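Input: a single structure, listed below in structure tokens.
Values quoted throughout were computed directly from the atomic coordinates according to the rules given, and no laboratory measurement underlies them. Remember, it's a predicted structure, so these values are computed and weren't measured experimentally. So basically every Cβ, Gly included, is an ideal-geometry build from the backbone, and we count neighbours across all protein chains shown.
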Amino acid sequence: MHIENEQHGEMSCQIDANEEMDHYVGTLRYRIFEVGLISGPSVGVVRAQFRAICEMTDAGGMVRNGIIMTGYHNRAFRGDVLRVDGEIIGEWTSDDEEWCHFTAVDTVEVTLSAPSPWMLHDSIATWMNGDGDTTEAYQTSA
């Protein structure tokens with residue numbers, strides 16, 4: 001059941017009640033594109049998650065495929081990588097040749113590399129989904 005819509009610039013969150021599971025789900029959109037799902041025990045919790053995500057995008061983060069990369073649009077070309085629920089899954093950086101590298105939490109070696117932040121974002125999503133398509137993900141470690 002639809003509850004409300006939150007809007008922040010070009011980001012929006014449609015909050016619905018999931019009565020079967022007794023919680024609320026927010027569908028995140030950038031313009032018309034769905035970029036992730038968040039959930040919580042109350043509308044207020046989902047609304048707070050949406051606002052936190054908006055703060056990250058305002059500071060230069062990018063949200064796609066349920067993953068946030070901070071430092072994406074503010075010329076830092078490095079930052080944290082987290083799921084839209086707030087779980088930090090690693091960090092990313094760009095080298096002098098503009099290749100981008102992702103290092104997962106609790107590892108010291110680069111996990112994935114790609115020739116652009118956009119492609120790295122896709123590679124991280126592929127890696128997170130565990131669908132095994134490592135040719136697209138430019139996996140650099142076993």
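Things to note:
- Over 15 Å [Cα-Cα, the stretch 46-99], rounded percent: 44 percent
- Across the alpha-carbon set of the stretch 2-58, the Rg to Rh ratio works out to 0.95, Rh being the Kirkwood radius.
- Top of 20, 34, 98 by mean-square fluctuation, Gaussian network on the chain, Cα under 10 Å: 20
- Under 14 Å, Cβ to Cβ, from residue 3 - net charge with Lys/Arg +1 and Asp/Glu -1: -4
- Contact order for the chain, expressed relative to its length and based on alpha carbon pairs under 8 Å spaced 6+ residues apart, stands at 11 percent.
- A viscosity of 1.567 mPa s and a temperature of 4 °C, combined with the Kirkwood radius over C-alpha pairs in the Stokes-Einstein formula, give the chain a diffusion coefficient of 82 µm²/s.
- Of the residues 97, 87, the one with the fewest other Cβ atoms within 10 Å heads the list, and the complete ranking is 97, 87.
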